[in-house]
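Asks: Right, I'll just put the structure down here and ask away after.
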Amino acid sequence: MSPKSKVQTLKSKTEDRRPKTKTVIVCLFAAFAIFACSSGNATRREFNIAESKSYEASLFRQNCAICHGQEANGKEIDGKLIPSLRYGDAATKPEEEIYQQIKEGKLPMPAFKNQLSEAEIKRMTQFVRRDLQGKLETEN
């Protein structure tokens, strides 16, 4: 077999593989895209407090936003970092601990038992867990 015919044979084999390789790559990309779009938290839209007309969002704006920030992402006040209520340590706390912190306070956070009713404290606890953290009531 001449060198030219060997090159042409190799060329034709390589050309035969190209469509298969492209198809495999396209299929892998499509599978990845479908997986990425279908994962639960990846597509969850973050709750926007400023746009919400809910009673809990109103309570948050009146009582909590001054320290925790307009969207509960935390902020710095006088060199002290006030934590996010959406992520980090707050997201690992069980519902009962969040409830107690709102009701009784924990320095430097003040207690709200004299400003909010028992029902409002419970609603704010659920607001933090459900709306800000995206957790179901049964999750801890």
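Asks: Treat each spin label as a single point 7 Å out from the Cα along the C-beta direction, and report the E104 to R61 distance in nm.
Replies: Inter-label distance under the simple model: 3.2 nm.
Asks: How far, in nm, would the chain grow between R123 and S54 when pulled straight, counting 0.36 nm per residue and subtracting the alpha carbon separation? Walk me through the numbers before you get to the answer.
Replies: Working: separation 69, 0.36 × 69 = 24.84 nm, distance 1.08 nm.
The span from R123 to S54 would gain 23.8 nm if fully extended.
Asks: How many lysine pairs does the stretch 55-132 hold where the Cα atoms are under 14 Å apart and the two sit 8 or more places apart or on different chains?
Replies: The number of close lysine pairs in the stretch 55-132 is 4.
Asks: How would you rank D131, D89, D78, going from fewest to most other Cβ atoms within 10 Å of each one's own Cβ?
Replies: Least to most surrounded, the residues fall as D78, D89, D131.
Asks: In what order do F112, F60 fall by count of nearby beta-carbon atoms within 10 Å, going from fewest to most?
Replies: Placing the least packed residue first, the sequence is F112, F60.
Asks: So how do I66, I121, I82 line up by other beta-carbon neighbours within 10 Å, fewest first? Display every interim value, and only then the final one.
Replies: Working: I66 12, I121 21, I82 17.
Lowest to highest Cβ neighbour count: I66, I82, I121.
Read-outs: derived from the displayed coordinates by stated rules, not from any lab. If you're wondering where the values come from, they're calculated on a predicted model, not measured in any experiment. No Cβ is skipped: glycine too gets one built from the backbone with ideal geometry, and neighbour counts run over all protein chains shown.
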